[in-house]
1. I want to verify a result. In a Gaussian network model of the chain, Cα cutoff 10 Å, which of these has the top mean-square fluctuation: Lys282, Lys24, Lys223?
2. Based on the inverse mean of 1/r over its pairs of different Cα atoms, what is the Kirkwood hydrodynamic radius of region 269-329, in Å?
3. For region 46-202, what's the relative contact order in percent, using C-alpha pairs closer than 8 Å and at least 6 residues apart?
4. If you put +1 on each Lys and Arg Cβ and -1 on each Asp and Glu Cβ, how big is the dipole of the chain around its Cα centre, in Debye rounded to 20?
5. Treating only the Cβ atoms of Lys and Arg (+1) and Asp and Glu (-1) as charged, compute the dipole magnitude of region 245-346 about its Cα centre; round to the nearest 20 debye.
6. Pick from Leu29, Leu309, Leu324: which is most flexible by mean-square fluctuation in a GNM of the chain where alpha carbon atoms under 10 Å apart are linked?
7. With θ set to phi - 60°, apply the Karplus curve 6.51 cos²θ - 1.76 cosθ + 1.60 along region 262-276 and write out the HN-Hα couplings as whole Hz, x wherever there is a Gly or Pro.
8. Determine ³J(HN,Hα), in whole Hz, for all residues of region 32-39 in sequence, where each value follows from phi through the Karplus function 6.51 cos²θ - 1.76 cosθ + 1.60 and θ = phi - 60°; x replaces Gly and Pro.
Amino acid sequence: MMENKRYGKSVGDVLKIKSDFFEKNQAMLEMSENQADALLIQPKRTNCKICHSPLEGEPLYSSQRMSYHLCPVCGHLNSDFEDTQDFADRVYLVDRYELNYSEDDRAAYENRMKSIYVPKAEFLLEGLADDGLKKEDIHLLDDGAGSGYFVRAMKSLGCDASGIEISPSQVEFANKMAGENILRSIEPDEAVKILSDTGANVVSFIGVLEHIINLDEIISAIKGNLNIQYIYFSVPMFSMSCVFEAAHQNCYNRHAGGTHTHLFSDSSIAYMLGEMDFEADKSWKFGSDIMDLYRMLSVCLDQNGNGALKDYFAPKFKAMIDDLQLVVDKNEFASEIHMLARRKRV
């Protein structure tokens, strides 16, 4: 039986997969600037994204033209401006956001799936097994399935899994890579009805909840559909990465900013689950905070002409990343959480 809380995961191949963040800082900054431009013209956010409490007083901090407020009630981190349908259209569909994340080579696709998404799928299966579910009992629907990595990982482990995604190009790409139709394309306003009607007993949101505009409607749909007994999600957390980003204004903000207009906390997750009539079952925290720090130090050393020092310290720092990150993870201030939650039982 697995423990209810797990911490840490080796960065392994992630450093290679995320190499653009190191090598193309200026291009990534420009992309982030365009996304900020789209957010700054949206209405001001006056209430917390999760609990809807008023956001009053001075912001906690600012970074790259955006201010952030920490909700005094649920601890959720909220940016100054609302994520609206106009914002989503600009950064996801019009700007072809998915091109930053897709792999057009099958070998690279499979490597990303195995190194990043299979461990997530294995964690889910272990948690469900502890609750008495066998693989043949699992029927999973992945909402916001992107390029199909998680659905593909679940299917590779022998589970019934399918996904829905609003980007037709990503659906086409996912199905091409899988060699079968594992995803279907939907309109943004279809997700609520699909979740209300699905017969799936497990619904997953891998890096999706932070991007959903109508989050309240999604929560209500899950609450009302008793077929859904488990939800599995990963979300970005208010963490050390936010501090590192605020201190390095000439580096790309991977975590807060861009398409992340709000970040979760343990308490805001608990509030959200309560609204669904769900409860936390298993969690796994393994952040990228120390990798962010390493990236920012490397970029800044290059920017100020100290490339030789960067090359000298790089192997020494890389050797420490996993150990340092585990300290952050265990102190509950990591940049990411994976959680399996189950419907409350009477």
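The values are calculated or read from the model by the stated rules, or taken from the named source; none is laboratory data. If you're wondering where the values come from, they're calculated on a predicted model, not measured in any experiment. All Cβ positions, glycine included, derive from the backbone under ideal geometry; neighbour counts span all protein chains shown. SASA here: full protein model, heavy atoms, side chains in, ligands and nucleic acids out. Shrake-Rupley method; radii C 1.70, N 1.55, O 1.52, S 1.80 Å.
1. Lys24
2. Numbers: mean 1/r = 0.0710 Å⁻¹.
In region 269-329 this quantity evaluates to 14.1 Å.
3. Working: 188 pairs, mean separation 23.2, N = 157.
Value for region 46-202: 15 percent.
4. I would put it at about 780 debye.
5. Numbers: 12 positive and 15 negative charges, 43 e Å.
Dipole magnitude for region 245-346 comes out near 200 debye.
6. Leu309
7. Each residue of region 262-276 in turn: 7, 10, 8, 9, 4, 6, 6, 5, 4, 4, 4, 4, x, 5, 8 Hz.
8. For region 32-39, the Karplus-derived couplings read 5, 4, 5, 5, 5, 4, 5, 6 Hz, x marking Gly and Pro.
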